[in-house]
Amino acid sequence: MAIVQLDSFYANQAYQLWDKLLHTHSCHYKPIHKDQFLTKFLPQDQIHSWVYLEDDIVIGFISVVTVKERIKAYLSMIMVDPKHQRQGIGSKLLDYAEHFIKGCNLYPSLDLVFFNPVQFEWIIPNTNQHDHPNAPGVEINSPAYHFFTKQGYQVFAKQNSYYKLIKDYTFNSSIRLLIDELHKHKITITFYDADKHHGFNDLFDDLKNPYWKEEILKAVMYHEPVLIAEKEGLMLGFTGPLRVQSSLRGYFAGIGVHSKIRGLGIGKVLFASLCMELKTLGAHYMTLFTGETNPARKIYENEGFTIVCSWANMRKEF
């Protein structure tokens, strides 16, 4: 028995193990082709992967990602062949990966969280293969959650994944009333236009979310529509960008309203407008995830979005 670095020689066996275990979770990962598997797991720059061998046969696999710019290390995947589970192989693989991270003398912890640049699509349960692009942590109702807890990993946040069919979406009466109220304050929902609107940097500095700012800047660069709330040209809030994926999922990056203008229902109207515009573009459904304590969840729930899976963000500090 030995733990060795994943390479092209063992890649086919590792892929077969992945494919074998793909449907063992209640939230199923979406199948990927072998070339996609290699892109996600074959060691390169930030990616570090190892296999557990018995008689030169791959029976276990683990992969981590290191991001020096963030001073962060992420656990992407760990799996053991069902015939060899409960024999300590998963623990040995995890110990090996942790020892590697500690040896880098740079990363203070190993995280299981949605910020990992290596992401996995998964299928929403009880749907016609409707998918979400990222599993944001460890599924709480899964053996993996108990495994990591036993290995000393602590939960530092919980995420809920939401889902709703929107192909027949319409504004409800409360949203229509809010739109009228916002008009009285001269606040309207429209598409962002850099030549007409100002306050972009001030809004995102106030929101303190660099990932949102990066996402929206890219969208503007590629001329993707972004919904905003504005008053006399001043940008007060955002949502988007508007994008429909090949699966007919309406994309959702985030929603934010400037702290100086909250409490008027701008966030509710922005999100409802996003659902409407995505439906118009041909989206059939939407998925999103948010923290369990995030007040924004009320916006999604008021629009009929329901929780389909709950996740734990877990961390082991060194």
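The values are calculated or read from the model by the stated rules, or taken from the named source; none is laboratory data. What you see is a predicted model, and the numbers here were worked out from it, not measured in a lab. With ideal geometry, Cβ positions are generated from the backbone for all residues, glycine too; neighbour counts draw on all protein chains shown.
Figures for the structure shown
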quantity: Among (1) at pLDDT below 95; (2) within 21 Å of Pro210 (Cβ to Cβ); (3) crowded, with 23+ Cβ neighbours inside 10 Å; (4) of a type outside the set (D, E, K, R), the one test that Val257 misses; calculated: (1)
quantity: Residue list for the range 1-29, filter: modelled with pLDDT of 85 or more, exposed (fewer than 13 other Cβ atoms within 10 Å of the Cβ) and of a type in the set (Ser, Thr, Tyr); calculated: Ser8
quantity: Subset of the range 129-172 that is of a type in the set (A, V, I, L, M) and not in a loop (DSSP other than H, G, I, E, B) - its residue that is surrounded by the fewest Cβ atoms within 10 Å (Cβ to Cβ); calculated: Leu165
quantity: Subset of the range 88-118 that is surrounded by 15 or more Cβ atoms within 10 Å (Cβ to Cβ) and polar (S, T, N, Q) - its residue that is nearest to Leu17 (Cα to Cα); calculated: Asn116
quantity: Matching residues in the range 212-225 - criterion: being surrounded by 11 or more Cβ atoms within 10 Å (Cβ to Cβ) and out of contact with any strand residue (DSSP E or B) (no Cβ under 6 Å at 6 or more places or on another chain); calculated: Lys213, Glu214, Glu215, Ile216, Leu217, Lys218, Ala219, Val220, Glu224
quantity: Selection count, the range 233-254, where residues are closer than 21 Å to Lys184 by Cβ and either modelled with pLDDT under 95 or among the basic types (Lys, Arg) (or both); calculated: 0
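Quick grid of which residues meet (1) under 23 Å from Gly254 (Cα atoms); (2) among the aliphatic types (A, V, I, L, M):
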position	(1), (2)
Pro108	no, no
His130	yes, no
Ala144	no, yes
Tyr153	no, no
